[in-house]
1. Just one of (1) of a type outside the set (Val, Ile, Thr); (2) at pLDDT 80 or above; (3) out of contact with any Phe, Trp or Tyr (no Cβ under 7 Å at 6 or more places or on another chain) trips up Ala172, so point out which.
2. Anything in region 309-368 that is farther than 22 Å from Phe141 by Cα and either of a type in the set (Asp, Glu) or touching a Ser or Thr at 6+ places or on another chain (Cβ under 7 Å) (or both)? List them, or say none.
3. Go through region 300-314 and count every residue that is surrounded by fewer than 24 Cβ atoms within 10 Å (Cβ to Cβ) and in a helix (DSSP H, G or I).
4. Give me the pairs: first residue in region 50-63 and in the same structural domain as Gly112 (by TED's automatic domain parsing), second residue aromatic (Phe, Trp, Tyr), beta-carbon distance under 8 Å, and six or more apart or on different chains, which are they?
5. Looking only at region 452-481, filter to residues that are more than 18 Å from Leu414 (Cβ to Cβ) and either at pLDDT below 90 or not hydrophobic (A, V, I, L, M, F, W, C) (or both); which one of those is surrounded by the fewest Cβ atoms within 10 Å (Cβ to Cβ)?
6. Does region 263-305 hold any residues that are under 16 Å from Gln373 (Cα atoms) and among the hydrophobic types (A, V, I, L, M, F, W, C), and which are they?
7. Would you say Ala240 is at pLDDT 85 or above, surrounded by fewer than 14 Cβ atoms within 10 Å (Cβ to Cβ) and not assigned by TED's automatic domain parsing to the domain that holds Gly101?
8. What tally of residues in region 152-176 results from selecting those that are in contact (Cβ under 8 Å) with a residue 24 or more places away in the chain and either closer than 17 Å to Ala16 by Cβ or crowded, with 22+ Cβ neighbours inside 10 Å (or both)?
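The values are calculated or read from the model by the stated rules, or taken from the named source; none is laboratory data. Keep in mind that this is a model prediction, so the values were computed, not measured. Here the Cβ is made from the backbone with ideal geometry for all residues, glycine too, and neighbour counts use every protein chain on show.
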Amino acid sequence: MTHREILEALSGLLLALFVAMLSSTVVTNALPRMVSDLGGTESGYTWVVVATMLTMTATTPIWGKLADLVSKKLLVQSALVIYALGSIAAGFAHSMGFLIGARAIQGIGVGGLTALVQVVIATMVSPRERGRYNGYIGAVFALATVSGPLIGGLIVDTAGWRWCFGVGIPVAVLAFVVLQKTLHLPLLTREVKVDYVGAALIAAGVSGLLVWVSMAGTAFTWTSATSIILVALSLAFLAAALLVELHVQEPIIPLRLFGDRTTSLSVFASAMIGVAMFGATVFTSQYFQVARGMTPTHAGLMSITMVGGLMVSSMISGRLITTTGRWKRFLVSGMALSIAGVALLATIDAHTSLLEVGAFMAILGVGIGASMQNLVLAVQNSVSLNDLGAASSLVSFSRSLGGSIGISALGAVLGHRVHDNVTAGLSDIGVKLPPGTAANSVPDMGSLPEPIRVVFENAFGEATGHLFLTAVPFAILAFVAVLFIREVPLRTTVEDDPESNTESNLATTVE
């Protein structure tokens, strides 16, 4: 494909990716208002996010494997349709349960979009040239992360939070049309054999663990019979999935991929990055609104520093990788900056200077931008063309899994910390909570009496710093994994090396 043809097809892919990223960021600043209006608690706040992450994580390997077997364009367009249907349902939510269910449907579509965009680009562009195109992906990620909270905040302050779920639908329709006109890829004539049993077992095992991490300590204790049953069932499902994957012809996650050192370490590092990345984007918005008394729009503006750093570092690192062919230095430096950013954010509370908070977020953004996309590049460069979809989705899966567990676990940490802080703060001033307000709830701050409002602000501020302190070890583990990744030269062709290429049934037709 010529550079022009790649850019034309890339425009539709980037629109699809923008929709996927927007699904999370546009509701970030609306979450406190949503949860308050629908009568939810801190656990409900977490589950509105976790529901999307859970289905996104569980279905990502399936989308990736299907991309190795059937039409990639059809899969991307199908994911757009599923996303739109979930968005429409979420806009009409009348309860927390309905909203969480609709967000789960959205997550299925988002899982397809986040996995497939990387796969399609890898099909069009060689690893050596992919760096600069990954820069475009970073820019879109940054644009969605910046504009999402701003758009969401403006919508919440004007039209109401329900319209946050409709803003991405026109973009999804546009992406569908553009892809239909511009994306033309070779069609594979391989027989489709999807491992539905393995997919179901993986989804069940991952979902069970996420439910346990999210609800343990609130709905039931960590050592209760419910906890033991959930963990036992989840591990049993995953063990059964492992046995199935070892014996089927077309496994959802080809276990031979883990025999490659780069793939194994990149998957582990991506999972650890997911904890820090999603923790920063989800809970800092709540911090600005609850602990600092900002409007949703103002809270969205505060994310510019982190996303600006992410966008700049992603584009610059991508260009330099294409020019020099060297990529490991960006992974190492990016992870070092990520550790610094998370550690600095661990020091914030309700009274930290906003300039300091913004600077800390910028450092974290630069680190994530230099490392996140380049982990995918490292894996794509080390696997054969036949495994490109499965390998790419495996990295996305691990990042989503880390993010899902991170949001669930960090949300639980935040909820417990807020509960303890609010209880202690109210006890110190001798005041009781108003009827209908729980110590771990996300209240309407404007309706609270002054003394109680101050207690909640201090509680959420201190708890947010504690949350990032909890995330520091995960960032360190990602850094250690990246250190042991071996740098190999980037391929200069889309196809495998002739000696290793086993693809013999590529059709002459195009989509």
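1. (3)
2. Within region 309-368, Ile348, Asp349, Glu356 meet the criteria.
3. Our first condition is that a residue be surrounded by fewer than 24 Cβ atoms within 10 Å (Cβ to Cβ); within region 300-314, this holds for 301-302, 304-305, 308, 311-312.
Among the residues that remain, those that are also in a helix (DSSP H, G or I) are: 301, 304-305, 308, 311-312.
Residues that pass the stated criteria total 6.
4. Met53/Phe278; Thr57/Phe397; Thr60/Phe397; Pro61/Phe397
5. Quick first cut of region 452-481, residues more than 18 Å from Leu414 (Cβ to Cβ) only: 452-454, 476-481.
Then keep just the ones that are either at pLDDT below 90 or not hydrophobic (A, V, I, L, M, F, W, C) (or both); that gives 452-454.
Values: Ile452: 21, Arg453: 16, Val454: 14.
Here the answer is Val454.
6. Within region 263-305, Leu265, Val267, Phe268, Ala269, Ala271, Met272, Ile273, Val275, Ala276, Met277, Phe278 meet the criteria.
7. Values: at pLDDT 85 or above: yes; surrounded by fewer than 14 Cβ atoms within 10 Å (Cβ to Cβ): no; not assigned by TED's automatic domain parsing to the domain that holds Gly101: yes.
Criteria not met by Ala240.
8. In the first step, residues of region 152-176 are kept if they are in contact (Cβ under 8 Å) with a residue 24 or more places away in the chain; the result is 152-157, 161-169, 171-176.
Filter again for either closer than 17 Å to Ala16 by Cβ or crowded, with 22+ Cβ neighbours inside 10 Å (or both), leaving 152-153, 155-156, 161, 164-165, 167-169, 171-176.
Total satisfying the criteria: 16.
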